[in-house]
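The values are calculated or read from the model by the stated rules, or taken from the named source; none is laboratory data. Note that the structure is a prediction, hence the values are computed from the model and not measured. Glycine also receives a Cβ, built like all others from the backbone with ideal geometry; neighbour counts cover every protein chain displayed. Just so you know, the surface numbers come from the protein's heavy atoms only, side chains and all, with ligands and any DNA or RNA stripped out. Shrake-Rupley method; radii C 1.70, N 1.55, O 1.52, S 1.80 Å.
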Amino acid sequence: MKNNKFLTATFILMIGGLITKILGFIIRIIYTRMVGNEAIALYSLVMPTYSLLLTIATLSLPIVISKLISEHKYKSLKILSSATIITLILNLIVIIIIYFTKDFIAVTLLNDERCSILLMSMALTFPFVSISSILKGYFYGKQKMVPHTISNIIEQIVRLLLLYLIIPPLVTKGITASVVGLILLSIASELASILTFLFFLPKKFTITKKDFKPDLKTTKDILNISLPTVSSRLIGNIGFFFEPIILTNVLLLSGYSMNFILTEYGAYNAYSISLLAMPSFFIQAISSSLLPEISRFYYQKNILMVKRRFKQALILSLIVGLIFSGLIYISRDYLLETLYNTLNGSNYIRILAPFFVLFYLEGPLQSVLQAIGQAKTCMFITFIAIIAKLASMALLSLCHIGMYSLVIAEIIDIIIVVLMSYIAIKKSLYN
């Protein structure tokens, strides 16, 4: 019965992820054809900064909520109210910081003043993304995946409808306006997601004034788990933040033009990585179902079931990785032309695809480490991998191989994360 619950949750998330991914690709295709490659390149340039700031604003609370609720240590409402207060305070602090630093980041670090307004637009989406993520974490912890699936589908439908209504008039006003429009669409789509989650909350969730007072013990436990967890993600996002900054400056130093860098970096992120990560919803489904399962069994000291779930997740992820990496490698040109009406990025896929088999193992391995209380280990592994990636990318960029310096650095990062995570889990569970 327990096994059925795990597999059912994974299956629901996979189906929902597939529908969401299809809708997401339709949105990406339509948007790409509406605005062109330069807008995509500009969006790609600012995304690492957005990811870093969003990680700080949310403090990895969805993962923490899922873990705490699955262990049944506290009342769900206490966890949700404490987490909401923490994240809204963080959101306010981050938005204020962005307001005062956006011009410096845009001009000095990203070498494009247009990024300033994009950063401010992204900051406005944080509270909505945060609340949606907290509710998502609650349903993950309860292993109720239908609300999450439905909310994701509704979110994408709202985004698609608004895309047709809002983006065409903005395109006539310029590239920056069209990218700002795409970013601000997230507010409406996240609101739709929040309303969907609220509809599925149990009727017993009656919120009173007392619930707005954070419970100190619950808050302390949330922070004790979230700080090491967010540190790992923060390190990863800091690396992602510095990636375009280091890459741009070193390639400029090596004699490449800014136009070349923007075009190729946009192709790498928007086309190559996007296509290779297309099946990642399968891995997200496995990881999301795995974390509360492993947390509960580990809390109950049922190591046998922890090992069983670990093996199941690893085998499933490996099968998905082999199938999809192979298919994408073989039909990369056809997929790029069909989906994006371009062949840009095909040469990067040819090199990356064989190694992306390992990439699909990262999610489940990291979920297991977090579930068994090894968040600090995750942080250490991420730190080592990011340092290796940035250092190798910087050195290779001086060798006049263009964007291939980033491609090789990405492969190094994937190998380090997977090997070190696997060794850490084996050490914790099998010794």
(request) Return the total of residues in the range 266-299 being β-branched (Val, Ile, Thr) and open to solvent by 10 Å² or more (accessible area, probe 1.4 Å). (result) 2
(message) Please go through the range 318-328 and give me each residue that is open to solvent by less than 90 Å² (accessible area, probe 1.4 Å) and either of a type in the set (S, T, N, Q) or under 12 Å from Leu275 (Cα atoms) (or both), ordered by number.
(response) Phe324, Ser325, Ile328
(request) Of the numbered conditions (1) over 23 Å from Ala192 (Cα atoms); (2) outside any loop (DSSP other than H, G, I, E, B), Ile89 fails exactly one; give the number of that condition. (result) (1)
(message) I'm trying to understand the selection: among the residues of the range 306-353, which are touching a Ser or Thr at 6+ places or on another chain (Cβ under 7 Å) and either part of a helix (DSSP H, G or I) or modelled with pLDDT of 90 or more (or both)?
(response) Arg332, Asp333, Leu336, Tyr340, Tyr348, Ile349, Leu352, Ala353
(request) May I ask you to say which residue of Ile85, Ile105 is more than 17 Å from Leu201 (Cβ to Cβ), among the aliphatic types (A, V, I, L, M), open to solvent by 10 Å² or more (accessible area, probe 1.4 Å) and touching a Cys at 6+ places or on another chain (Cβ under 8 Å)? (result) Ile105
(message) So if I check each of Tyr31, Tyr43, Tyr99, Tyr50, which one is farther than 21 Å from Glu190 by Cα, among the aromatic types (Phe, Trp, Tyr) and either touching a residue at least 24 places away in the same chain (Cβ under 8 Å) or not in a helix (DSSP H, G or I) (or both)?
(response) Tyr99
(message) Among the residues of the range 410-423, are any without any contact (Cβ under 8 Å) to a residue 24 or more places away in the chain, surrounded by 20 or more Cβ atoms within 10 Å (Cβ to Cβ), under 18 Å from Ile261 (Cβ atoms) and touching a helix residue (DSSP H, G or I) at 6+ places or on another chain (Cβ under 8 Å)?
(response) no
(message) Looking only at the range 15-68, filter to residues that are within 14 Å of the chain's Cα centre (by Cα) and among the β-branched types (Val, Ile, Thr); which one of those is surrounded by the fewest Cβ atoms within 10 Å (Cβ to Cβ)?
(response) Ile56
(message) Take the conditions assigned to a helix (DSSP H, G or I) and β-branched (Val, Ile, Thr) and apply them to Ile401. Does it pass?
(response) no
(message) Suppose we filter the range 388-407 for residues that are surrounded by fewer than 16 Cβ atoms within 10 Å (Cβ to Cβ), of a type in the set (A, V, I, L, M, F, W, C) and touching a residue at least 12 places away in the same chain (Cβ under 8 Å); how many remain?
(response) 1
(request) Of the conditions (1) buried (at least 20 other Cβ atoms within 10 Å of the Cβ); (2) over 28 Å from Leu216 (Cβ atoms), Lys136 clears all except one; give me its number. (result) (2)
(request) Residue by residue through the range 85-104, note down the ones that are in contact with a Ser or Thr (Cβ under 6 Å, 6 or more places away or on another chain) and over 26 Å from Leu216 (Cα atoms). (result) Lys102, Asp103
